[in-house]
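The values are calculated or read from the model by the stated rules, or taken from the named source; none is laboratory data. Nothing here was measured: the structure is a model prediction, and the numbers come from that model. Ideal geometry is used to build each Cβ from the backbone, glycine not excepted, and the neighbour counts take in all protein chains shown.
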Amino acid sequence: MSFVTVEKPRPHVCLITLNRPERMNAMAFDVMVPFKEALEEVSFDNDTRVVVVTGAGAGFCAGADLEDPGWLDIFNGLTVPGIARRAMKILDDVIKAIRDMHQPVIGAINGPAIGGGFCLAMATDIRIASENAYFRPAGINNGLTSAELGLSYLLPRAIGSSRAFEIMLTGRDVQAQEAQSIGLVSKVVSPAALLEACYGVAQRIAGFSQLGVELSKQMLWAGMDAGSLHSHMNHEGHAQLFLRMTTRNFEEAITARKEGRAPHFRD
């Protein structure tokens, strides 16, 4: 059985599913390693314009696998501290792989996103939640820190510092409707409508310029880290000029509008 599945449910849209529902798609190494490999492979699939990530069954991702996290050959010969560092690097790389993908990544949050699963959800570019979804920063409840896998970086940028501090320091659950109201997710739909809602957003994005979408994603994330408005506007300007001067996309948009048809961007 494959613990990660990759499908093409719509033209130019790829669905990647964490597929170990009996363990709530927990982050065991035999799930996370093929998941990272799938992300990297799909990133260079130039027919894929948008990626949707979800979990099989009732949960999105339960975080740490408390039953059996697994073993990798790269742990051989290491002491416990060394194994821990290697293990954390593997999970860190999954989060960064989502961020580094050429395509926008839509998180179809079908159920609980707990601990590392919360981090995984926050790494996606757009989040649409089922009514059954909730988000829990589990580490603080387990005597650890809730700051893991980039959550203390990503969450304040998504919902503001005060809300992020309150959620991460109390370790409470954020239910789907509250998640929408504070901007943690963009939309909440019924469980049966979740994937179709994600595909609808994906297909709209896929109709635009491939380069335009890729650069827009990069600019949005770069803006989160920009040292100043001035420097980021220069960055944006070069991206805009690159597309304006090296493609005929703008001319095609004007022509299509005059002819009453959808533009066909060839980049």
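All conditions but one from (1) touching a residue at least 24 places away in the same chain (Cβ under 8 Å); (2) within 30 Å of Tyr153 (Cα to Cα) apply to His232; the one that does not is (1). Every listed requirement among (1) outside any loop (DSSP other than H, G, I, E, B); (2) within 20 Å of Met24 (Cα to Cα) is met by Phe165 save one, (2). For the stretch 186-237, a residue qualifies if it is touching a strand residue (DSSP E or B) at 6+ places or on another chain (Cβ under 7 Å), part of a helix (DSSP H, G or I) and under 23 Å from Arg49 (Cα atoms), and the qualifying residues are Leu194, Leu195, Ala197, Cys198, Tyr199, Val201, Ala202, Gln203, Ile205, Ala206. Considering the conditions (1) surrounded by fewer than 12 Cβ atoms within 10 Å (Cβ to Cβ); (2) of a type in the set (Asp, Glu); (3) within 23 Å of Ala123 (Cβ to Cβ), Glu251 is excluded by exactly one of them, (3). Among the residues of the stretch 17-52, those identified as in contact with a Ser or Thr (Cβ under 9 Å, 6 or more places away or on another chain) and within 24 Å of Arg86 (Cβ to Cβ) are Leu18, Asn25, Pro34, Ala38.
On the basis of being surrounded by 16 or more Cβ atoms within 10 Å (Cβ to Cβ), of a type in the set (Gly, Ala, Ser) and within 21 Å of Pro69 (Cα to Cα), does Ala129 make the cut? For Ala129, the condition - surrounded by 16 or more Cβ atoms within 10 Å (Cβ to Cβ), of a type in the set (Gly, Ala, Ser) and within 21 Å of Pro69 (Cα to Cα) - is not met.
Looking across the stretch 152-174 at every residue that is in contact (Cβ under 8 Å) with a residue 24 or more places away in the chain and more than 19 Å from the chain's Cα centre (by Cα), the one that is surrounded by the most Cβ atoms within 10 Å (Cβ to Cβ) is identified as Ile167.
Tell me which strands (runs of 3 or more DSSP E) are completely within the stretch 42-151 and hold 1 or more residues being within 30 Å of Pro11 (Cβ to Cβ) and touching a residue at least 12 places away in the same chain (Cβ under 8 Å), or say none if there are none. Show your work before the answer.
Details: elements: 50-55, 105-109, 112-114, 126-130, 134-136.
The qualifying strands (runs of 3 or more DSSP E) are 50-55, 105-109, 112-114, 126-130.
Scanning the stretch 175-185 for residues that are within 17 Å of the chain's Cα centre (by Cα) and not in a helix (DSSP H, G or I) yields Gly183, Leu184, Val185.
Yes/no matrix, rows are residues, columns are (1) modelled with pLDDT under 95; (2) crowded, with 18+ Cβ neighbours inside 10 Å; (3) under 30 Å from Ile205 (Cβ atoms); (4) in contact with a Cys (Cβ under 9 Å, 6 or more places away or on another chain):
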| residue | (1), (2), (3), (4) |
| --- | --- |
| Leu18 | no, yes, yes, yes |
| Asp30 | yes, no, no, no |
| Thr48 | no, yes, yes, yes |
| Glu67 | yes, no, no, no |
| Thr79 | yes, no, no, no |
| Arg99 | yes, no, yes, no |
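Val188 passes every criterion in (1) in contact (Cβ under 8 Å) with a residue 24 or more places away in the chain; (2) exposed (fewer than 15 other Cβ atoms within 10 Å of the Cβ); (3) not acidic (Asp, Glu) apart from (2).
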